[in-house]
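Visitor: Starting off with a structure, shown below.
The values are calculated or read from the model by the stated rules, or taken from the named source; none is laboratory data. In this text the structure is predicted, and so the values were computed from the model without any measurement. Cβ placement follows ideal geometry from the backbone for every residue including glycine, while neighbour counts extend to all protein chains displayed. Quick note on the areas: whole protein, heavy atoms, side chains included, nothing else; ligands and nucleic acids left out. Shrake-Rupley method; radii C 1.70, N 1.55, O 1.52, S 1.80 Å.
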Amino acid sequence: QVQLVESGGGLVQTGGTTRLSCAVSGRPLSHVDIGWYRQGPGKQRELVAQTERYEPPTYADSVKGRFTISRDNRRSTVYLEMNGVASEDTAVYYCQARHFGYEYWGQGTQVTVSS
């Protein structure tokens, strides 16, 4: 079992910066692949960025150059730094873990971009 707890969401001004955190427990983070997903109002859930154990990070085209995913295995935490946010980034952001074919999800954290 892997447990995930997201934090760091809230209200952000257009063009601003915020950082989300995903605290991972139950398994060493070094053994787990992590993805950040989001679901905007009236939209389907989509993959934003992911960090896999043996691959470089990957990003959705819509966030490339603005968002950065990183992992701190010692703190067992994965971060999503969001720069230059826009209204279309408003969504609930979820952390997903993949471990030996199983998927685990956090409860999500709301990010609202205001003008």
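Visitor: Condition (residue is of a type in the set (Gly, Ala, Ser), exposed (fewer than 12 other Cβ atoms within 10 Å of the Cβ) and farther than 13 Å from residue 4 by Cβ) applied to the range 71-86: is it met by at least one residue?
Guide: So in the range 71-86, the residues of a type in the set (Gly, Ala, Ser) come out as 76, 84, 86.
With the extra rule that they be exposed (fewer than 12 other Cβ atoms within 10 Å of the Cβ), the set shrinks to none.
There is no residue in the range 71-86 that is of a type in the set (Gly, Ala, Ser), exposed (fewer than 12 other Cβ atoms within 10 Å of the Cβ) and farther than 13 Å from residue 4 by Cβ.
Visitor: On the given criteria, is residue 30 within 14 Å of the chain's Cα centre (by Cα) and polar (S, T, N, Q)? Spell out how you get there, then give the answer.
Guide: Working: within 14 Å of the chain's Cα centre (by Cα): no; polar (S, T, N, Q): yes.
Taking the combined requirement at face value, the residue does not satisfy it.
Visitor: May I pose another question? For the range 46-69, which positions are more than 15 Å from residue 87 (Cβ to Cβ), in a loop (DSSP other than H, G, I, E, B) and of a type outside the set (D, E, K, R)? If you could, list the steps in order and put the result at the bottom.
Guide: Of all residues in the range 46-69, those more than 15 Å from residue 87 (Cβ to Cβ) come to 46-61, 64-65, 67-69.
So of that shortlist, the ones also in a loop (DSSP other than H, G, I, E, B) come out as 52-57, 60-61, 64-65.
Those that are more than 15 Å from residue 87 (Cβ to Cβ), in a loop (DSSP other than H, G, I, E, B) and of a type outside the set (D, E, K, R): 54, 56, 57, 60, 65.
Visitor: Within the range 30-54, count every residue that is of a type in the set (Ser, Thr, Tyr), open to solvent by 30 Å² or more (accessible area, probe 1.4 Å) and over 17 Å from residue 89 (Cα atoms). Reasoning before the result, please.
Guide: Quick first cut of the range 30-54, residues of a type in the set (Ser, Thr, Tyr) only: 30, 37, 51, 54.
Restricting the remaining residues to those that are open to solvent by 30 Å² or more (accessible area, probe 1.4 Å) gives 30, 37, 54.
Then drop every residue that is not over 17 Å from residue 89 (Cα atoms), which leaves 30, 54.
The number of residues fulfilling the criteria is 2.
Visitor: Which residue, of 93, 104, is more than 11 Å from the chain's Cα centre (by Cα), crowded, with 18+ Cβ neighbours inside 10 Å and among the aromatic types (Phe, Trp, Tyr)?
Guide: Values: 93 fails: more than 11 Å from the chain's Cα centre (by Cα).
Exactly one residue qualifies, and that residue is 104.
Visitor: Of (1) among the hydrophobic types (A, V, I, L, M, F, W, C); (2) touching a helix residue (DSSP H, G or I) at 6+ places or on another chain (Cβ under 6 Å); (3) within 13 Å of residue 3 (Cα to Cα), residue 29 satisfies all except one. Which?
Guide: If we test residue 29 against (1) among the hydrophobic types (A, V, I, L, M, F, W, C); (2) touching a helix residue (DSSP H, G or I) at 6+ places or on another chain (Cβ under 6 Å); (3) within 13 Å of residue 3 (Cα to Cα), just (2) comes out false.
Visitor: Here's something else I'd like to know. Only residues that are touching an Asp or Glu at 6+ places or on another chain (Cβ under 9 Å) and either small (Gly, Ala, Ser) or over 18 Å from residue 115 (Cβ atoms) (or both): list them for the range 6-34, please.
Guide: 19, 20, 21, 22, 23, 29, 33, 34
Visitor: Here's another thing I want to ask about it. For the range 1-40, which residues satisfy the criterion of being free of Cβ contacts under 8 Å to residues at least 60 places away in the same chain and either out of contact with any strand residue (DSSP E or B) (no Cβ under 8 Å at 6 or more places or on another chain) or hydroxyl-bearing (Ser, Thr, Tyr) (or both)?
Guide: 21, 25, 28, 30, 37
Visitor: What number of residues within the range 7-25 satisfy the criterion of being touching a Phe, Trp or Tyr at 6+ places or on another chain (Cβ under 8 Å), open to solvent by less than 60 Å² (accessible area, probe 1.4 Å), more than 15 Å from residue 50 (Cβ to Cβ) and modelled with pLDDT of 95 or more? First the steps, then the outcome.
Guide: Looking only at the range 7-25, we keep the residues that are touching a Phe, Trp or Tyr at 6+ places or on another chain (Cβ under 8 Å), and these are 9, 19-22.
Now drop any that are not open to solvent by less than 60 Å² (accessible area, probe 1.4 Å), which leaves 9, 20-22.
The next check asks that each one be more than 15 Å from residue 50 (Cβ to Cβ); those that pass are 9, 21.
Now narrow it down to the ones that are modelled with pLDDT of 95 or more: 21.
Of the residues in the range 7-25, 1 are touching a Phe, Trp or Tyr at 6+ places or on another chain (Cβ under 8 Å), open to solvent by less than 60 Å² (accessible area, probe 1.4 Å), more than 15 Å from residue 50 (Cβ to Cβ) and modelled with pLDDT of 95 or more.
Visitor: State the number of residues belonging to the range 1-45 that are part of a strand (DSSP E or B) and basic (Lys, Arg). Spell out how you get there, then give the answer.
Guide: Filtering the range 1-45 down to residues part of a strand (DSSP E or B) leaves 3-7, 10-13, 18-25, 33-39.
Next cut, basic (Lys, Arg) only: 19, 38.
Of the residues in the range 1-45, 2 are part of a strand (DSSP E or B) and basic (Lys, Arg).
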